[in-house]
Amino acid sequence: MKETREISKHIPVLMEEVLSGLNLDQGKSVVDATLGGGGHTRAIWKQIAPTGKLLSLDQDSEAIGHFISEVQEDKELQEAYNEGHLVVVHANFSDLYEVIEENQQGSVDAIMADLGYSSDQIESNERGLSFMQGGPLDMRLDQSQGVPVSEMLHAASIDELTKILRGYGEVDYAEQIAEAILKQDKKESIETAEMLAKVVVEATPSWVQAKQKIHPATQVFQALRIWVNDEYRSLERFLEASEKVLKSGGRIAIISFHSGEDRIVKEFFKTKIKGCVCPKEFPICICGMKSSFKAITKKVIIASDEELEVNPRSRSAKLRVYQKL
């Protein structure tokens with residue numbers, strides 16, 4: 001029987017900080033590039049209603065379906081949706097530029113993206129995103145695209161899987177764990193999250209487990225989620241598209257949850273803020289590149305103690321906000 005989920009149980013992180021950073025007011029045009037449970041979309045709409053325009057995307061068709069069903073129970077959102085002020089699209093945020101063109105949105109005043117998974121996605125036992133919830137080892141957010149991670153493991157080599165675990169999850173003993181996973185998968189196909197977690201635990205030295213503060217499978221699952229959903233390349237494409245569609249003076253707020261994502265965001269905007277890439281010894285600039293963004297948040301913003309108490313999952317959230325020049 002298919003599991004029933006409640007989107008409302010998802011608590012959006014750093015809500016006040018996002019709204020403040022985006023500097024929203026009535027009539028603005030905004031993109032929520034990661035709809036998820038819809039918390040940020042609802043809050044953004046309240047800031048720009050009733051004349052604003054909000055485009056919300058998600059690659060998870062189930063998340064969109066749940067959100068639209070809830071819209072019917074909210075008079076204000078339903079009116080915005082029916083009148084075209086709120087547009088919801090099933091798409092990966094890497095396709096932002098094409099989605100905006102297709103929906104004739106034009107340039108926008110603000111963009112936000114929450115790169116984490118919503119509580120209902122993690123807690124669903126239909127996709128195996130979490131070793132704690134179990135379920136089929138799929139891990140795809142958009143199940144209409146690609147193949148489950150269980151199938152990807154069948155074709156992976158030890159070298160490839162080691163690089164994925166080390167690069168995407170910073171997994172200790174990555175080669176040893178990769179070898180154990182593929183050895184087990186060859187013996188008996190790893191089809192569930194429970195099976196994978198068991199293999200990882202058995203392959204991780206006991207003394208390493210004793211000093212770890214997290215479950216041995218945590219970073220392995222993170223790495224595989226990034227791999228199957230091609231998250232890093234999607235994020236890079238999204239950042240490039242954001243620069244194209246933001247108005248001059250427009251702002252972008254991005255919440256990341258692990259070092260790899262945050263590094264990509266930070267390095268992208270570091271380059272855009274710097275502009276000129278000529279060697280220091282050149283007396284004048286000959287590359288012609290100019291600064292296109294400035295940082296609104298000089299340092300990364302993290303959750304307050306009060307938010308952590310209400311929502312422990314916000315502990316790893318990092319917010320950065322930039323403004324296009």
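The values are calculated or read from the model by the stated rules, or taken from the named source; none is laboratory data. The shown structure was predicted, so the numbers you read here are calculated from the model rather than taken from an experiment. Every residue, glycine as well, gets a Cβ built from its backbone with ideal geometry; the counts of neighbours run over all protein chains shown. These accessible areas exclude ligands, DNA and RNA; they are computed on the full protein's heavy atoms, side chains included. Shrake-Rupley method; radii C 1.70, N 1.55, O 1.52, S 1.80 Å.
Quick notes on this one:
- For region 173-193, the candidate set comprises residues that are buried (at least 16 other Cβ atoms within 10 Å of the Cβ) and among the charged types (D, E, K, R); within that set, the residue that is farthest from the chain's Cα centre (by Cα) is ASP185.
- Residue count for region 248-264, restricted to those that are assigned to a strand (DSSP E or B), touching a helix residue (DSSP H, G or I) at 6+ places or on another chain (Cβ under 6 Å) and either among the β-branched types (Val, Ile, Thr) or more than 19 Å from PRO312 (Cα to Cα) (or both): 4.
- Among (1) farther than 18 Å from LEU325 by Cβ; (2) at pLDDT below 95, the one test that ASP262 misses: (2)
- Residue, modelled with the lowest pLDDT, within region 267-277, restricted to residues that are in a helix (DSSP H, G or I) and open to solvent by 10 Å² or more (accessible area, probe 1.4 Å): LYS274
- Leading residue by the ranking (nearest to the chain's Cα centre (by Cα)) among those in region 203-221 that are within 16 Å of PHE257 (Cβ to Cβ) and surrounded by fewer than 22 Cβ atoms within 10 Å (Cβ to Cβ): THR218
- Within region 61-169, helices (runs of 4 or more DSSP H) holding 1 or more residues that are open to solvent by 40 Å² or more (accessible area, probe 1.4 Å) and hydroxyl-bearing (Ser, Thr, Tyr): 61-71, 75-82, 96-102, 158-169
- The set of residues in region 23-51 being surrounded by 22 or more Cβ atoms within 10 Å (Cβ to Cβ) and without any contact (Cβ under 8 Å) to a residue 60 or more places away in the chain consists of LEU35, GLY38, THR41, TRP45, ILE48.
- Matching residues in region 240-266 - criterion: being over 12 Å from the mean Cα position of the chain (by Cα), open to solvent by less than 30 Å² (accessible area, probe 1.4 Å) and over 17 Å from THR297 (Cα atoms): ALA241, SER242, VAL245, LEU246
- Test: residue in region 90-104 that is of a type in the set (Asp, Glu) and touching a strand residue (DSSP E or B) at 6+ places or on another chain (Cβ under 7 Å): no
Residue by residue, here is whether (1) assigned to a helix (DSSP H, G or I); (2) surrounded by 12 or more Cβ atoms within 10 Å (Cβ to Cβ); (3) of a type outside the set (S, T, N, Q) holds:
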| site | (1), (2), (3) |
| --- | --- |
| CYS287 | no, no, yes |
| SER291 | no, yes, no |
| ARG315 | yes, yes, yes |
| TYR322 | no, yes, yes |
